[in-house]
Amino acid sequence: MQADRLGMPLVTIELPEVFPANDVYQSLVIEGVKASGLNVEGIAFGDMFCNGIVEYRRSYVEPAGLEAVFPLVGEDSHDLANEILDRGIETVLVTVDRNVLSESLCGKRYSRELIDGLPTDVDPCGEDGEFHTLVCNSRYFSHPIEIQSHSVETAQRFSHLRYEVAS
């Protein structure tokens, strides 16, 4: 959906239902990118915290001859949250960790009000896995992604919004 709205190609990589071991995952990612037929020079990651993830991602991307790009590493979460909102990027929370947040936040729009209401120990960008979002609109999209929420499903400690694209 998002790639289509951005006018960009999408490389899909099928993963087993049970998440594979790291070496299998790494091979699938690199093989998928190389088999795409696209002239890919690098892979960009949205990680913000340098907690070993940069080295981990570089360990399998760079030996494949690709550049690992980390445009957000070191950014302040509060500054980035404000920038997301200031730029008019519209997102919806689609997963929440019930150990730190209420499942009632599933389906809520990411907003200043939502950020201001988060517990102080929750990263405003969800960078510690507290929540995940779906970008539904930005100035770079050809048109918004309209979603219709169906239900919230809970599996272990996570709640997930089930939805379909309305248009």
Can you tell me which of Pro124, Pro119 is outside the structural domain of Val29 (by TED's automatic domain parsing) and touching a residue at least 40 places away in the same chain (Cβ under 8 Å)?
Pro124
Might you let me know whether segment 40-52 holds any residue that is outside the structural domain of Ser138 (by TED's automatic domain parsing), out of contact with any His (no Cβ under 8 Å at 6 or more places or on another chain) and over 28 Å from Cys136 (Cα atoms)?
yes
Given (1) among the hydroxyl-bearing types (Ser, Thr, Tyr); (2) modelled with pLDDT of 95 or more; (3) exposed (fewer than 11 other Cβ atoms within 10 Å of the Cβ), index of the condition Ser159 fails
(3)
Can you list the helices (runs of 4 or more DSSP H) found entirely within segment 1-98 that contain at least 1 residues being in contact (Cβ under 8 Å) with a residue 60 or more places away in the chain and under 30 Å from Ile115 (Cα atoms)?
2-6
Could you identify the single residue in Val100, Val165 that is β-branched (Val, Ile, Thr), touching an Asp or Glu at 6+ places or on another chain (Cβ under 9 Å) and loosely packed, with under 12 Cβ neighbours inside 10 Å?
Val165
Over segment 99-111, the set of residues among the small types (Gly, Ala, Ser) and in a loop (DSSP other than H, G, I, E, B) is Ser102, Gly107, Ser111
Kindly provide the set of residues from segment 129-154 that are part of a loop (DSSP other than H, G, I, E, B), touching a residue at least 60 places away in the same chain (Cβ under 8 Å) and either on the phi > 0 side of the Ramachandran plot or buried (at least 17 other Cβ atoms within 10 Å of the Cβ) (or both), ordered by number.
Phe141, Ile145
Could you count how many residues in segment 29-52 are under 19 Å from the mean Cα position of the chain (by Cα) and polar (S, T, N, Q)?
1
Checking the structure you have, find out if any residue of segment 112-127 is part of a strand (DSSP E or B) and either within 15 Å of Met48 (Cβ to Cβ) or out of contact with any helix residue (DSSP H, G or I) (no Cβ under 8 Å at 6 or more places or on another chain) (or both).
no
Of all the residues that make up segment 157-167, how many are assigned to a loop (DSSP other than H, G, I, E, B) and under 16 Å from Ser104 (Cα atoms)?
1
Picking from Glu90, Glu62, the residue that is in the same structural domain as Gln148 (by TED's automatic domain parsing) and either surrounded by fewer than 16 Cβ atoms within 10 Å (Cβ to Cβ) or in contact with a Phe, Trp or Tyr (Cβ under 9 Å, 6 or more places away or on another chain) (or both) would be Glu90
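The values are calculated or read from the model by the stated rules, or taken from the named source; none is laboratory data. Predicted, not measured: the structure shown is a model, and the values here were computed from it. Note: ideal-geometry Cβ built from the backbone for every residue, glycine included; neighbour counts use all protein chains shown.
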